[in-house]
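Below: one structure in structure tokens.
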């Protein structure tokens, strides 16, 4: 009797298993392409140079494009200190150079948050060039931006 009971119990559990497999959803198809992890952004410090037309402090379309490209490269990075250094070789006097470098730094400082490049702290330092020494560097009318950046670490 014990042997008959275990055989009957084994057959009924096999029937239940077959019924549950018949009602189950089919397995999904295997992927057709290999999984590739998303590319990690190469975060690193950058130096950008924004040039200005002679005598002006307005950003040019080329300068905006440089800022947009830097924003794309540094997307997802942690930004640290940002330092600005301006030069105005196009100025005719020391006073004009001081005024022009201050205006250019102000323009760039105002534009950095729009491009998410303002970092933790922005330091400025105008580099007013002596107009007499600019005969050999007439195109030195720029703001140099140094952005410290690094990849976030998850621990």
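Just so you know, all these numbers are worked out from the coordinates, no wet-lab data involved. All values reported here derive from a predicted model rather than from experimental measurement. Heads up, the Cβs are rebuilt from the backbone with ideal geometry, glycines too, and the neighbour counts pull from every protein chain shown.
Counting only DSSP beta bridges with both residues in the range 46-150, what percent are antiparallel, rounded to the nearest 5?
70 percent
If you count, for each residue, the other Cβ atoms within 10 Å and average over each peptide, how do 142-150, 52-60 line up from highest to lowest?
Top to bottom by mean Cβ count within 10 Å: 142-150, 52-60.
If I model a spin label at residue 68 and residue 154 as a point 7 Å from the Cα along the Cα→Cβ vector, what separation in nanometres do I get?
According to this spin-label approximation, the distance is 3.0 nm.
What distance in nm separates the simple spin-label points at residue 96 and residue 123, each placed 7 Å from Cα in the Cβ direction?
Once both label points are built, they end up 3.1 nm from each other.
Quote the relative contact order of the range 46-150 in percent (integer), defining contacts as alpha-carbon pairs under 8 Å separated by 6+ residues.
45 percent
Rank the residues 118, 75 as a footprinting-exposure proxy: fewest other Cβ atoms within 10 Å of their Cβ go first.
Fewest-to-most Cβ neighbours within 10 Å comes out as 75, 118.
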